[in-house]
Amino acid sequence: MARLEDIQRLCLSRGIIYPTAEIYGGLGGCFDYGPVGVLLKRKLLEYWREFFIKAEENIVEIDGAVVLPEKVLIASGHVESFVDPVTQCEKCKSIYRADNLIEEKTGKFVEGKSPEELTRIIKEEKLTCPNCKGRLSDVRMFNLMFKTFVGPTGDQTAYLRPESAQNIFIGFERVFRASRAKLPFGIAQQGHAFRNEISARQFVIRAREFTQMEIEMFFNPEEEGCEKFEEVRDEEIILLTREAQMHGKDAIRIKVGEAVEKKILPNKWMGYFLAREFQFFKSLGFKEEEMRFRHMLPEETPHYSGGNFDLEIEFDFGWKEVVGNAYRTDHDLKNHSKFSGEDLSVSLPNGKKIIPHVVEPSFGVERILYAILLKSYVDDKERGWVWLKLPKRIAPFIAGVYPLVSKDGLPEKAKEVYKMLKKEFDVFFDESGSIGKRYARADEIGVPFGITIDYQSLEDETVTVRDRDSTKQVRVKIDELKKFLKEAIS
Ligand code: GAP
């Protein structure tokens, strides 16, 4: 498997993803997408919309503001509880996330422990600063939100949203009514989230600004109405149960229907989304054994939650969450109702009013993109260069268009083909260097096809199309190129 450094090097050299304000030394945990990266990201966002939103009849989308007034985040609990424990070296002043440091140094799982308990463990284990061996301070809690002040007087406190979900809860009443909806009803959103992580690290894996794709599926817990559950009942997923984690056992393979019946999963909506996520990642080329749903342990789970299941992927550095799935019950709507004074309940057909419950799949775009780059990275000794076996539907460009040589009317003909395709596809034109070099440059950013215009093209209106994966070439009529590419993408 490739390593983080390989992906980072490729991302930098091809301008896919690079540090924000690089010429000023960067801003830790913030990244910009370059021309190739932006296409890759857009395609992932669009494919996710197709798979999770357009395929459903009862999910709508919103696009909310990233700056939220303090009241929202007091109601959601983030002002009080969105904290991580930190300890600081008294000598060199380096700051560490205390639970991570303890886990790394001792192997003990300490997530969810109080600052006092963490301080005690640091002392008992005689842990010192990894940087200079200095003494570590008592552990204190650090709020991860970025605070800001709105308007010229600065008297209104606000925060950059730490999750996109809150816009959905605070807009629920309006969106529900405007959509003339009934339960079950989903609201989805793609957008940026911000967390002032104590140590931003592992490239985009732990960033301070990142992109989420979230769905809040609202339903009546007494009558879930998850009709499409029947379509996925027999889908098998890989599940690391709480029991397995506590006894060091392996993950199990289980049908979602069985997992719901045995009450391992709290409801059909959770089962439905886990099955769909497994299908989604498989369609992006992930192997089943590279994925698992981990039932989060009680100490990792918020008190109001009816169950959290992280979709984890096996990276070069170990397993890591890429999608958080949470049964948030009626916690958020109830609290926003209480703090805003607005009635956020929904009337059922029988006249009864309820606060809907919610299941939330929350995807992290950057972690998924990193996983895709990692899994598609091929260090091909035979070919002599690195290439990306990206799934065709999310490849930044579907094809490069090349004149075989830069003379005899071939560039003009190639430009014609390029302009014709550019109206419908992301394609690029490249006439510099040998054709081999052009293939190599395109392979490196995962371009599935290379379209070459040669002397025969001038005679019979055909071109050669080189397949990135097999390197085989076929001759295709110019007027059939669009059909060829469309079929390849779908
Ligand atoms: N609304 C629920 C929520 O935000 P989360 O598990 O904290 O849940 C969801 O985040 C996803 O967002 C994660 O699975 C991960 O992919 C992504 N994510 C969270 N923190 C991140 C960070 N610092 N950098 C990059 N991605 C992050």
Taking the Cβ of residue 89 as the centre, find all other residues whose Cβ is under 10 Å away and add up their charges (Lys, Arg: +1; Asp, Glu: -1).
-> +3
Taking 0.36 nm per residue of separation and subtracting the Cα-Cα distance, what length does fully extending residue 222 through residue 83 add?
-> 46.6 nm
Gyration tensor on Cα atoms of the range 402-477, a ≥ b ≥ c root eigenvalues, a/c under 1.5 rounded, else prolate if a/b beats b/c, else oblate, says rounded
Pick out, in residue order, every one of the GluC sites (Glu not before Pro) in the range 403-490 that is DSSP loop and has at most 13 other C-beta atoms within 10 Å; say none if there are none.
-> 424, 461
Output the Cα-based Rg and Dmax of the range 153-280 in Å, rounding Rg to one decimal and Dmax to a whole number.
-> 18.6, 59
Scalar couplings 3J(HN,Hα) for the range 70-79 by Karplus 6.51 cos²θ - 1.76 cosθ + 1.60 (θ = phi - 60°), nearest whole Hz, x for Gly and Pro, are 3, 4, 4, 7, 6, 4, 6, x, 5, 4
Please report, for the Cα atoms of the range 37-165, the Rg to one decimal and the Dmax as a whole number; what are they, in angstrom?
-> 20.5, 59
Per the helix-only calculation at 222 nm, which mean residue ellipticity applies to the chain, given -39500 (n - 2.57) for every DSSP H run of n ≥ 4 and division by its residues, nearest 500 deg cm²/dmol?
-> -9000 deg cm²/dmol
Here D for the chain, in µm²/s, from Stokes-Einstein with a Kirkwood Rh over Cα pairs at 37 °C and 0.692 mPa s, works out to 130
Two-site FRET efficiency, residue 125 against residue 432, from Cβ-Cβ distance with R₀ of 41 Å, rounded to 0.05 = 0.10
Binned at 5 Å from zero, the C-alpha pair distances of the range 264-373 give percents of 2, 11, 19, 19, 16, 13, 9, 6, 4, 1, 0
Quick one: if you take sqrt(5λ) for each eigenvalue of the C-alpha gyration tensor of the range 1-49, what semi-axes come out, biggest first, whole angstrom?
-> 20, 15, 10
Ordered by residue, what ³J(HN,Hα) values in Hz, to whole numbers, does the range 181-197 give under the Karplus form 6.51 cos²θ - 1.76 cosθ + 1.60, where θ = phi - 60° and Gly and Pro are x?
-> 8, 9, 6, x, 8, x, 10, 10, 7, 10, x, 7, 10, 9, 9, 7, 3
For the chain, with +1 on Lys and Arg beta carbons and -1 on Asp and Glu, the positive-most of 478, 7, 55 along the dipole | 7
Give the share of C-alpha pairs in each 10 angstrom bin for the range 1-94, from 0 to the last occupied bin, in whole percents, shortest bins first.
-> 11, 21, 29, 32, 6, 1
Expressed in angstrom and ordered largest first, the alpha-carbon extents of the range 362-430 along the principal axes are 50, 34, 13
Across the range 237-327, how large is the tail of the calculated P(r) beyond 20 Å, expressed as a percent of all Cα pairs?
-> 29
Cα→Cβ-extended label distance, 7 Å offset, between residue 319 and residue 236, nm = 1.8
Which Cys residues of the chain have no other Cys Cβ less than 4.7 Å away and so no disulfide-compatible partner by this rule?
-> 11, 30, 226
Tally Lys and Arg at +1 and Asp and Glu at -1 over the other residues with C-beta under 14 Å from the C-beta of residue 234: what net charge comes out?
-> 0
Quick one: give the max-minus-min coordinate of the C-alpha atoms of the range 313-463 along each principal axis, largest first, in Å.
-> 77, 39, 25
Could you state the per residue volume, in Å³, of the convex hull enclosing the Cα atoms of the range 142-191?
-> 120
Computed over the Cα atoms, what is the radius of gyration of the range 302-358 divided by 2.2 N^0.38 Å, N being its residue count?
-> 1.62
Flagged links, alpha-carbon separation over 18 Å, of 228/392; 413/477; 413/482; 41/375; 437/483 | 228/392; 437/483
Order of 265, 390, 374 from fewest to most other C-beta atoms within 10 Å?
-> 374, 390, 265
Most exposed first, judged by fewest Cβ atoms within 10 angstrom, 247, 331 run 247, 331
Taking every C-alpha to C-alpha distance in the range 98-196 and binning by 10 Å from 0, the per-bin percentages run 12, 25, 21, 23, 14, 5, 0
The range 332-378: C-alpha pair distances exceeding 13 Å, % | 70
Quick one: compute the contact order of the chain, relative version, from alpha carbon pairs under 8 angstrom and 6+ residues apart, as a percent.
-> 13
Neighbouring Cβ atoms within 10 Å as the yardstick, rank 385, 269 fewest first.
-> 385, 269
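Place a +1 charge on the Cβ of each Lys and Arg in the chain and a -1 charge on the Cβ of each Asp and Glu, then give the dipole magnitude about the Cα centre in debye, rounded to the nearest 20. Walk me through the intermediate numbers first.
Numbers: 75 positive and 81 negative charges, 156 e Å.
So the magnitude is around 760 debye.
Every number here is computed from the coordinates shown, using simple stated rules; none is lab data. Note that the structure is predicted; figures quoted are calculated from it, not measured. Every residue, glycine as well, gets a Cβ built from its backbone with ideal geometry; the counts of neighbours run over all protein chains shown.
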